[in-house]
Amino acid sequence: MTSTPVLHVDLDQFLAAVEVLRRPELAGLPVVVGGRGDPTQRAVVSTASYEARAHGVRSGMPLRTAAKKCPDAVFLPVDLPVYEEASAAVMATLRAARWAGDPVDVEVLGWDEAFVGLRPGADLTTDHDPMVFAEQLRAEVLAATGLHCSVGVGDNKLQAKIATDFGKPRGIYRLSDASWSAEMGHRPTRALWGVGAKVQQRLAGLGIDTVAQLAASDVRVLAAEIGPTMGPYYHRLGRGADTSVVDPTPWVARAHGREETFQDDLDDDATIEAEVRRLTRRVVADIDAEGRPARRVGLKVRDRAFQTVQRSRTLPEPTNDPDVLADAAVALLGKVARTRPVRLLGVRLEMVEPPGGYER
């Protein structure tokens, strides 16, 4: 049976774009979304508009650094409910789309991106031009939400995901089995979706620096050096191979967590304990909304020097009792050797599996 390409839809500068829709006077200005919108406070950039990025502002950068790079930027606070509403409207538009008359499956990856593919059973004898459909999706999302997106087209999800970045902003780009080597072979392994800095270093230690070298590598060596599962996996990435299908199954959270960067470092044990308890109660409210108790508690502590320590423990039995969970989180503090004031605290509660387990 003939296969059809996969599309990856990625909203351009999503949070900043939503804010500009709310405040049209900001169009064309450098906009930075993050924290409480106050660059004098400790927080990081969630999203920067392209105008701000031109000044070197990037996601994850401290707001204070962003303000130094772009003093004229408009700084706005994160507004989760508004972004969630905008995301829901985009995903609803994608699910309602018809590819040459046929329904599609949508696999949501996050607020601002999703894979789109033909639903099994479609008549593949008819023409399903992916480039035409990509333009259709861009137009339908813009008409329904006022938001621009870029679309990557590939013979599989891996290729589509990577292609999207080549098409940004507001563009369409296609990678395929036929073009993979020419387009990707000369690029560093970090260019592959799924290869981070640490994996890149491990591959470099094996003399593998480019995608072409990874594709031509000995899979047996990769399996021996990186692992019997991940070694062959990275080898497949190098060849642009991916057999996973677009899965429309709704994502079910395995855990919830909250963390907070404090404007003033915490150096008092009682204050630190109180903050851990407060954060834990906030996370308990999140898991209560899921209707599943916690089975594991995690604690994250970052000090003034940005040294981060994480500790966790499995509970004797699952619970959503806020006092029990707060006690467990505080107990983990005793496993953290603190020598400096605390800059950040985080609490994570891993829930029991839903009935039937996790589908994806």
Which of the residues belonging to the range 57-112 are assigned by TED's automatic domain parsing to the domain that holds Pro39, farther than 24 Å from Arg22 by Cα and part of a helix (DSSP H, G or I)?
Arg64, Thr65, Lys68, Lys69
Yes or no: Val74 at pLDDT 95 or above and either polar (S, T, N, Q) or under 28 Å from Asp242 (Cα atoms) (or both)?
no
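Which of the residues belonging to the range 188-244 are of a type in the set (Lys, Arg), within 18 Å of Lys161 (Cβ to Cβ) and surrounded by fewer than 16 Cβ atoms within 10 Å (Cβ to Cβ)?
Once the filter is applied, which keeps residues that are of a type in the set (Lys, Arg), within 18 Å of Lys161 (Cβ to Cβ) and surrounded by fewer than 16 Cβ atoms within 10 Å (Cβ to Cβ), the range 188-244 yields only Arg190.
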Please identify the pairs in which a residue from the range 237-257 that is farther than 17 Å from Glu183 by Cα has its Cβ atom under 7 Å from the Cβ atom of a residue that is crowded, with 16+ Cβ neighbours inside 10 Å and of a type in the set (Phe, Trp, Tyr), counting only partners at least 6 apart or on another chain.
Val246/Phe115
Conditions first: (1) in the same structural domain as Asp112 (by TED's automatic domain parsing); (2) part of a helix (DSSP H, G or I). Arg170 passes all but one, so which condition is the exception?
(2)
Please specify each residue of the range 286-309 satisfying the condition of being under 15 Å from Val324 (Cβ atoms) and part of a helix (DSSP H, G or I).
Ile287, Asp288
Among the residues of the range 310-345, how many are within 23 Å of Glu290 (Cβ to Cβ) and either buried (at least 20 other Cβ atoms within 10 Å of the Cβ) or not assigned by TED's automatic domain parsing to the domain that holds Ala294 (or both)?
6
Within the range 17-38, track down each residue that is closer than 13 Å to Val78 by Cα, out of contact with any Asp or Glu (no Cβ under 8 Å at 6 or more places or on another chain) and not in a helix (DSSP H, G or I).
Val32, Gly34, Gly35, Arg36, Gly37, Asp38
State all residues of the range 24-43 that are more than 19 Å from Leu63 (Cβ to Cβ) and either in contact (Cβ under 8 Å) with a residue 12 or more places away in the chain or not small (Gly, Ala, Ser) (or both); if no residue qualifies, say none.
Pro24, Glu25, Gly28
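The values are calculated or read from the model by the stated rules, or taken from the named source; none is laboratory data. Remember, it's a predicted structure, so these values are computed and weren't measured experimentally. Note: ideal-geometry Cβ built from the backbone for every residue, glycine included; neighbour counts use all protein chains shown.
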